[in-house]
Each structure stands twice: as C-alpha cells, then as structure tokens.
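Some notes on the structure that comes next.
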Amino acid sequence: MTSGNPFEIAQRQLDDCARILDLDPGVHAILRQPMREMHLALPVRMDDGSVQVFPAYRVQYNDAKGPTKGGIRFHPEETIDTVRALAAWMTWKCALLDLPLGGGKGGVICNPKSLSRNELERLSRAYARAFAPFIGPDVDVPAPDVYTNPQIMAWMMDEYSKVLHKNAFGVLTGKPLCVGGSAGRGDATARGGLITIREAAGILGLDLSRARIAIQGYGNAGYYAAALARSEFGSTIVAVSDSRGGVYHPTGIDPDVALAHKQATGSVAGLPGAQPIANGDLLELDVDVLIPAALEQVITGENAGRVKARILAELANGPTTPEADEILDANGVHVIPDFLCNAGGVTVSYFEMVQNNAMFYWEEGEVHQRLDQRMTLAYHRVLEAAQRYGVTMRQAAYAVAVSTVAEAMQLRGWV
Ligand code: NAD
C-alpha cells in the first residue's frame, strides 16, 4: 500500500511540531506512541466450509480529550503501522475540530473484494464480537474507513448489541439512517473538505465556478467530492480515478455518469467519451484543485515538483510525504492538510454520537450548518496559526491540535 512507514512519518510530523511548540518532553514522549493497541485473530467460516483466520487490529492512540474515535479499514495490505499512523492522525483531527474525543483506528488484513456478502458479514460480526470488551460509547467508537461501509457498521452494531443484550447504537458511527445513523453522514467527509476548499479559494482569490478539479480515488470521499464540487460550486471535474485506473476529460466529467459506470463495470476506467489517464499522471495535471481521496503516500519527493494545482486538498489520510511537503511549500501550493480537510466525517460522526445519546435526531440542514461552522472555524484557526508561527498549513494544524491535547493531558495531571 505504501512505500515508507506511515507511522514513522506521523512521528516525524509530531517531532517537527514539538520543535515549533517547544513541547514539554513528557508530553512529547507520551504522544509519540499509542496508549494501547490490540492484535487479535478472527476465525471466520467461509462459504466452502473452511475456516480462515484474519489478523485484526485496534489502536487507541490517546484519550485525554475523550473516548477514542476512528474508522475500521478492510484492506489486503493493511499493517499495524498504518493503523497506528491513522490513529495518531485521528487524535490530532478530533483535537483540531475541538471535539470531545481522542483518536483511534482499526483494521483487518483481508481482501473484501474476494469475500461473498455472507463472508463479509461473518467477518464484520467477528470483529465486533472480538473487540467488544475494548470498545463502547464511553471508551472507543469505531466508524467506516476504506472498504467498510454503513451496512458493515449495522452488522457490527448489531453484534455488539447482542453481546451486551441491549441496543447499543452509540457503539459506532456511520450507521444507516434507520438504525441510528445521522442525516448528512454519507457525504460529510467530502462536504467538510469542500468547505475548507471554499475558504482557501476565498483567501487565494480563486473563482471555484471556473476551477478545474482532479480527484484520485472514487469511493465515499472521492465521489461525493466530485458531485458536490459540481453541484455546490459549479466546478469542472476534469479527471477521476480508482484502483483500476483513471479517466480525463478536458471539458468535464459528469460525476453521476462516472459513478454509474463504476457501479456497472467495477471502475471509472473506460468511461465512454473520456481519455484514459494513469493514477500518477492525474496528480500532475494542470488543474486548480487536486484532491487525493484514496490511499497514503501518493505525493512524494519524486513527483511533488510536478504538481501544478494551486490547492492540494487532502481528503485521503497521509497522501503527502514530508519530502513532498517541502517541495510543495517552496512551489507555493496551498496544502489543506489531511486531518483538517477530511475532518467532516468525524465531525458528523460526533453529531451522530450526540444524537444517539439524546435519542433525538436532527434534520439534514442542521447537520450541514453545524458542520460548516466547525470546518470554517478550524480552517481559520489553522491559517491564523500558520501566519503566527510562520509555518506551513500542516505544521500549523499540528501546532493547534497538539497543544490542545497537551493542555488536556496537563489538566488531567498526566504530565
Ligand atoms: P472507499 O473505500 O469508499 O474508496 C476508496 C477509493 O480509493 C476507491 O475508489 C478505490 O478504488 C480507490 N483506490 C484504492 N487504491 C487506489 C490506488 N492505488 N489508486 C487510486 N485509487 C485507489 O474509501 P473512502 O472512505 O472514500 O476513503 C478514501 C480516503 O479518505 C482514505 O484515505 C480514508 O482514510 C480517507 N477518509 C475517509 C473518510 C470517510 O468518512 N469515508 C473520512 C476521513 C478520511
């Protein structure tokens, strides 16, 4: 999945922040490691009667600000270091958005594309059963991530509820609406990212109705980013891609036609009327906004110098390496760092937890308005810190988030 070790990158980013903030050494030492991590083996009965054992992880990185929160990823190349990195980034993301939550993450090494629906359900239930003693609304609250979805969340919530002998909707978020989901959760990550792009465009004087946008990854984050950029801003989506390839059309791709093609064929590749484009070439297109919305470390020291976009909006987690960051900064690319850009998902997940607790559900418009308020505020907190410290947007996001977690740790007497 990745060329470098993502957790080492996360640690380097934290070390950099510790220097900028002159962070207390005790706080720094605690924040360099996950607070707790679990490695379990999940036996699953396959359709042919055999038993397959899937390695599964849950990392609870830091809970100074509240219960840990973070998605579960099903991926054949999942590693514990990816889960650790993603759990660290969740910690910073929740702190940056000022949510009363810590950071966590989970993963299973599996190839969901090769599993039948019944096998996927048994695997999802096995995960919820095995981790049931270690998760819960006050402890650690999972959610969807790459190759997990609302249906999987519904199975997991149901399994956890059976273990507890009571309905426990609040155990995880990203559920379907009729079993405790929140209105507005489906497109929340992309919607939140677009709010940060709107704010950045305002600062840079970029007219989004004339903007050309390229998007890598066409799942939950990527598809909704394409659809909303077109419907909300009138932008032109010139390229999209997924794991099997990409397509380019200079006058624009209709996001819903691309989605229908992907649903029919398994990929956006081969979309009629569009030209094929390799995933790597998509990143180097002459566009106004580039949105990586797939996996980690796609913009590196090798290709960062060829990124032509004015705004790099990181909907994916960890798409940019530290070497690339330096080049992008020198070239004046405005980077909206991942744990700011993609924080809309966890923000609406937090709203889902609040609604589950209250047993009272909000209208979609209320979710959108509250999301907009929080994302706009977070973007400007980061921009202001970037100007105050004279650092990049990523370093500024770290400074805001880490000092918030550090304050919570100090107030709780951990250091
Ligand atoms: P998803 O499973 O819905 O979609 C992933 C997409 O990436 C698919 O279209 C897949 O084909 C594509 N992809 C996989 N490997 C690729 C490759 N090598 N090159 C190009 N495309 C590739 O996942 P998602 O939920 O959209 O998550 C995408 C990214 O956004 C991840 O980094 C995830 O951590 C991040 N994210 C998602 C959410 C959320 O709420 N869904 C929240 C925050 C961050």
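Each row is one residue, and each column tells you yes or no for (1) within 16 Å of the ligand (Cβ to nearest atom); (2) in contact with a helix residue (DSSP H, G or I) (Cβ under 9 Å, 6 or more places away or on another chain); (3) among the small types (Gly, Ala, Ser).
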| residue | (1), (2), (3) |
| --- | --- |
| SER209 | no, yes, yes |
| ILE215 | yes, yes, no |
| TYR218 | yes, yes, no |
| TYR224 | yes, yes, no |
| SER235 | no, yes, yes |
| ALA239 | yes, yes, yes |
| ILE253 | yes, yes, no |
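Give the residue that is nearest to the ligand (Cβ to nearest atom), with candidates limited to residues of the range 322-347 that are farther than 20 Å from GLY280 by Cβ and in a loop (DSSP other than H, G, I, E, B).
ASN342
Does ARG370 satisfy the criteria of being open to solvent by 20 Å² or more (accessible area, probe 1.4 Å), away from the ligand (no atom under 16 Å from the Cβ) and within 20 Å of the chain's Cα centre (by Cα)?
yes
For the range 327-365, name all the residues that are surrounded by fewer than 20 Cβ atoms within 10 Å (Cβ to Cβ) and touching a residue at least 24 places away in the same chain (Cβ under 8 Å).
Across the range 327-365, the qualifying residues are ASP329, ASN331, ASN357, TYR361, TRP362, GLU363, GLU364.
How many residues does the range 123-146 contain that are closer than 18 Å to ASN356 by Cα, in contact with a strand residue (DSSP E or B) (Cβ under 6 Å, 6 or more places away or on another chain) and either open to solvent by less than 10 Å² (accessible area, probe 1.4 Å) or in a helix (DSSP H, G or I) (or both)?
So the count comes out to 4.
Give me the residue from the range 69-122 that is of a type in the set (Val, Ile, Thr) and closer than 15 Å to VAL53 by Cα and, out of that set, surrounded by the fewest Cβ atoms within 10 Å (Cβ to Cβ).
Among those residues, the one meeting the criterion is ILE109.
Mind checking which residues of the range 147-167 are out of contact with any Pro (no Cβ under 7 Å at 6 or more places or on another chain) and assigned to a loop (DSSP other than H, G, I, E, B)?
THR148, ASN149, HIS165, LYS166, ASN167
Conditions first: (1) surrounded by fewer than 19 Cβ atoms within 10 Å (Cβ to Cβ); (2) among the β-branched types (Val, Ile, Thr); (3) within 16 Å of the ligand (Cβ to nearest atom). VAL179 passes all but one, so which condition is the exception?
Here VAL179 meets the rest and fails (3).
Got a number for residues in the range 160-174 being open to solvent by 20 Å² or more (accessible area, probe 1.4 Å) and not hydrophobic (A, V, I, L, M, F, W, C)?
Total satisfying the criteria: 4.
Give the range 18-35 a look and list any residue that's exposed (fewer than 15 other Cβ atoms within 10 Å of the Cβ) and free of Cβ contacts under 8 Å to residues at least 60 places away in the same chain, or say none.
Within the range 18-35, ARG19, ASP22, PRO25, ALA29, ARG32, GLN33 meet the criteria.
So which of TYR379, TYR398 ends up being touching a Pro at 6+ places or on another chain (Cβ under 9 Å), among the aromatic types (Phe, Trp, Tyr), buried (at least 22 other Cβ atoms within 10 Å of the Cβ) and in a helix (DSSP H, G or I)?
When all the criteria are applied, what remains is TYR398.
Would you please name the residue that is least open to solvent (accessible area, probe 1.4 Å), looking only at residues in the range 285-321 that are more than 16 Å from the ligand (Cβ to nearest atom) and either part of a helix (DSSP H, G or I) or at pLDDT below 95 (or both)?
Step by step, filter the range 285-321, then rank; the result is ALA304.
Need at least 3 residues that are under 20 Å from the mean Cα position of the chain (by Cα) per element, so show me which strands (runs of 3 or more DSSP E) inside the range 4-95 make the cut, counting only ones lying wholly within it.
The qualifying strands (runs of 3 or more DSSP E) are 51-62, 68-75.
I'd like to know if the range 151-165 contains one or more residues that are at pLDDT below 95 and within 12 Å of the ligand (Cβ to nearest atom).
no
How many residues, within the range 358-406, are under 16 Å from ILE20 (Cα atoms) and not β-branched (Val, Ile, Thr)?
18
Within the range 37-51, is even one residue on the phi > 0 side of the Ramachandran plot and open to solvent by less than 60 Å² (accessible area, probe 1.4 Å)?
Looking through the range 37-51, at least one residue is on the phi > 0 side of the Ramachandran plot and open to solvent by less than 60 Å² (accessible area, probe 1.4 Å).
The values are calculated or read from the model by the stated rules, or taken from the named source; none is laboratory data. Quick caveat: nothing in here was measured; it's all calculated off a predicted structure. Every residue, glycine as well, gets a Cβ built from its backbone with ideal geometry; the counts of neighbours run over all protein chains shown. What goes into the accessible areas is simple: the full protein's heavy atoms, side chains included, and nothing from ligands, DNA or RNA. Shrake-Rupley method; radii C 1.70, N 1.55, O 1.52, S 1.80 Å.
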